[in-house]
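**Student:** If you scroll down you'll find the structure; I have some questions about it.
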Amino acid sequence: MVRWECFGEDAVRVHDLDGVVRRMRALGADWPARDGVAVFNRVYLAVTEEVGRRLDAGHFADPRAALTLDVRFAERYLAAVGAVARERRPPACWRPLFQLRGHPGVRPLQFALAGINAHIGHDLALAVVDTCRTLGCEPAELEDEFDRVGEVLVALEERIREDLMPGPDLLQIADPLTHLLGAWSLERARDGAWGAARALWALRELPDLAGEFVVRLDDGVGLVGRCLLTPLRVGPYAGPPGP
């Protein structure tokens, strides 16, 4: 079965943003603060809380579509966490983050960006398709809400970079982190996700091609994530935290 149509044993279903927030807070409480997945989880929790505030404030023209998109989107991340908890392989886009989550040579900002890369580059396109199927609509009908959610992501990415950026003394032109930061763009990843969602929707009656498209998308995003997590400090690798 095409992977964007089924979560399998790792399915995670939540009904509202409150459920998503509770789940993320519980995960964060279980992980060490320095853990790479915990770093991304804090970022994503902040995004979800901000979307919730904007929903309450009437920021979205179609609150039902925005809510459904955000919840379907979160389910993809939670399903990856669930797969790892069951000692199953998560999608390729998430594997670098889970594999290197305890590496002392990877900086917190790298963990955050690698998680954002996986979630935007792969999960967002599939979440748009999930939302269209849930609401019985076309991707074009979600574009305004997609853009408004994207505005939240871009604003928070700027804050994340400020909060997790090393001190000015480290931000020299030769610092490898400077080069990594310049090599990845959330706006370009978001544009790519929208194009991928439209392509997947167009291929919905061709499951073999759609399935191959998703596999290639997953692998490509995973490759970018592995580059983003290139260790920049020398030190022994502790491995992922135990259960």
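**Student:** Within the set of pairs 6+ apart or on separate chains, which have a first residue in the stretch 182-203 that is without any contact (Cβ under 8 Å) to a residue 40 or more places away in the chain, a second that is of a type outside the set (Lys, Arg), and C-beta atoms under 6 Å apart?
**Tutor:** 203/209; 203/210
**Student:** Further question on the same structure: For the stretch 97-113, give me each residue that is surrounded by 24 or more Cβ atoms within 10 Å (Cβ to Cβ) and among the aromatic types (Phe, Trp, Tyr).
**Tutor:** The one that is surrounded by 24 or more Cβ atoms within 10 Å (Cβ to Cβ) and among the aromatic types (Phe, Trp, Tyr): 111.
**Student:** Identify the single condition in (1) buried (at least 23 other Cβ atoms within 10 Å of the Cβ); (2) at pLDDT 95 or above; (3) not aromatic (Phe, Trp, Tyr) that residue 116 does not satisfy, given that it satisfies every other one.
**Tutor:** (2)
**Student:** Taking the residues in the stretch 5-47 that are in contact with an Asp or Glu (Cβ under 7 Å, 6 or more places away or on another chain) and in a helix (DSSP H, G or I) as candidates, determine which candidate is modelled with the highest pLDDT.
**Tutor:** Here the residue is 21.
Residue by residue, here is whether (1) closer than 22 Å to residue 126 by Cβ; (2) charged (D, E, K, R); (3) touching a His at 6+ places or on another chain (Cβ under 9 Å); (4) touching a residue at least 60 places away in the same chain (Cβ under 8 Å) holds:
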| residue | (1), (2), (3), (4) |
| --- | --- |
| 59 | no, no, no, yes |
| 71 | yes, no, yes, no |
| 75 | yes, yes, no, yes |
| 86 | yes, yes, no, yes |
| 91 | yes, no, yes, yes |
| 95 | yes, yes, no, yes |
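**Student:** If you scan the stretch 121-141, which residues turn out to be hydrophobic (A, V, I, L, M, F, W, C), in a helix (DSSP H, G or I) and either modelled with pLDDT under 95 or surrounded by fewer than 17 Cβ atoms within 10 Å (Cβ to Cβ) (or both)?
**Tutor:** 135, 140
The values are calculated or read from the model by the stated rules, or taken from the named source; none is laboratory data. Here the structure is a predicted model, which is why all the values come from computation and not from measurement. Note that we place each Cβ from the backbone using ideal geometry, even for glycine, and neighbour counts take in every protein chain shown.
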